[in-house]
Amino acid sequence: MDLSKLINENALIACVNNEVERLFAIKVEAFKKELSGNYSFDDYLLNRVQVSDKLGISIRQVDTLTRRGKLKKCSLGRNVKFRNSDVIEYIKYLK
């Protein structure tokens, strides 16, 4: 018996397309999760005041953490900046 006679061809195509879209969405979400674990998309620069506010500590304590190498800094000329991702890593280190 020929299955094409039993099942409407358009309905079969729609079912296959729906399943492909569902599987694709699952793969995309898994890829996004893996990617977000390896990279930070909101990586922007913070100054010392912003870092102290984010961590809830004084600017002097930010300087101490930087001097001890616990918090990475980026020197831009005479300016000291901190990557948001580095601050987040420090927060993860504290937990």
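The values are calculated or read from the model by the stated rules, or taken from the named source; none is laboratory data. Quantities reported herein were computed from a predicted structural model and do not represent experimental measurements. Please note: Cβ atoms are built from the backbone with ideal geometry, for glycine as well, and neighbour counts cover all protein chains shown. Please note that ligands, DNA and RNA were not included when accessible areas were found on the heavy atoms of the full protein model with its side chains. Shrake-Rupley method; radii C 1.70, N 1.55, O 1.52, S 1.80 Å.
Between residue 12 and residue 55, the distance separating the two model label sites (each 7 Å from Cα on the Cα→Cβ line) works out to 6.4 nm. Counting only Cβ charges, +1 for Lys and Arg and -1 for Asp and Glu, the dipole size of the chain around its Cα centre is about 1140 debye. Expressed as an acute angle from 0 to 90° and rounded to the nearest 10, what is the orientation of the C-alpha long axis of helix 84-94 relative to the principal long axis of the chain? On a 0 to 90 degree scale, this one is about 80. Dipole of the chain computed with +1 at Lys/Arg Cβ and -1 at Asp/Glu Cβ about the Cα centre; of 64, 52, 31, farthest Cα towards the positive end is 64. Computed on the Cα atoms alone, the convex hull of the chain gives a volume of 157 cubic angstrom per residue. Per-atom-type breakdown for the chain gives carbon and sulfur 55% of the accessible area (1.4 Å probe, protein chains only).
Extension gain, residue 91 to residue 32, is 19.0 nm, computed as 0.36 nm per intervening residue step minus the present C-alpha separation.
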